[in-house]
Amino acid sequence: MMFDDESPFRKKVYRACQCIPEGRVTTYKHLAQAIDCNSSQAVGQALRNNPYAPEVPCHRVIKTNRRLGGFYGQVEGEAVLKKKNLLQQEGVIFDNDDRINKACIFTF
DNA sequence: ATTATGACTTATT
DNA sequence: GAATAAGCCATAA
């Protein structure tokens, strides 16, 4: 995937995103740090309308508090359930408090 | 150039 | 725990 029409920032976000292995997740913050950006919010902004799903596995990016975060522009509802299902299919473990297990978190 | 808007995070109350 | 405010920074208008 070339991402040629995208801004340099978005290229970095998408490339970093593709480094997350199946069955693991990372956080908006870690991803931001990996691309030398100081705004996890800007990363969320770039993934908000990710044109390359699921080629770019943006469902593997979650919040720092180990909760899910958004999907397809939604912060709650069907889209978020789908995100959870995708992750569970890949083997990501959810704890009893509905947070993602620490062992599943991938760090760059 | 300026303003507004977030799939965020941290600190505070 | 919930709600608020402030900081962050790329985009779109």
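Any read-out appearing in this document is the output of simple, stated calculations on the displayed coordinates, not a laboratory observation. Everything numeric here is computed off the predicted structure, so don't read it as measured data. With ideal geometry, Cβ positions are generated from the backbone for all residues, glycine too; neighbour counts draw on all protein chains shown.
The H on the amide N of A:Ile105, modeled in the peptide plane, is under 5 Å from the matching H of A:Val25, each at least 5 residues off or on a different chain. Taking amide H positions as modeled 1.01 Å from N, with prolines and chain starts lacking one, no residue 5 or more places away or on another chain lies under 5 Å from A:Gly70. For chain A, relative contact order (Cα pairs under 8 Å, six or more residues apart, normalised by length) works out to 30 percent.
Among A:Lys83, A:Lys29, rank each residue by its count of other Cβ atoms within 10 Å, from fewest to most, as a rough exposure measure.
Details: A:Lys83 21, A:Lys29 17.
If I rank by nearby Cβ atoms, fewest first, I get A:Lys29, A:Lys83.
A simple charge model with +1 on the Cβ of Lys and Arg, -1 on the Cβ of Asp and Glu and nothing else charged puts the dipole of region A:12-99 at about 200 debye relative to its Cα centre.
As a quick test, which of the pairs A:Lys63/A:Lys83; A:Lys29/A:Lys83; A:Lys12/A:Lys82; A:Lys11/A:Lys82; A:Lys29/A:Lys84 have an alpha carbon distance above 22 angstrom in this structure? Exceeds cut-off: A:Lys12/A:Lys82; A:Lys11/A:Lys82.
Show log10 I(q)/I(0) for region A:19-58 at q = 0.26 Å⁻¹, two decimals, from a solvent-free Debye sum over equal Cα scatterers. Once normalised to I(0) and log-transformed, intensities are -0.97. Listed values for region A:83-91 are Karplus-derived 3J(HN,Hα) couplings in whole Hz (6.51 cos²θ - 1.76 cosθ + 1.60, θ = phi - 60°), namely 4, 4, 4, 4, 5, 5, 4, 7, x, and x replaces Gly and Pro.
At the listed q of 0.10, 0.16, 0.17 Å⁻¹, the Debye profile of chain A, built from one uniform point per Cα, gives log10 I(q)/I(0) equal to -0.24, -0.64, -0.73.
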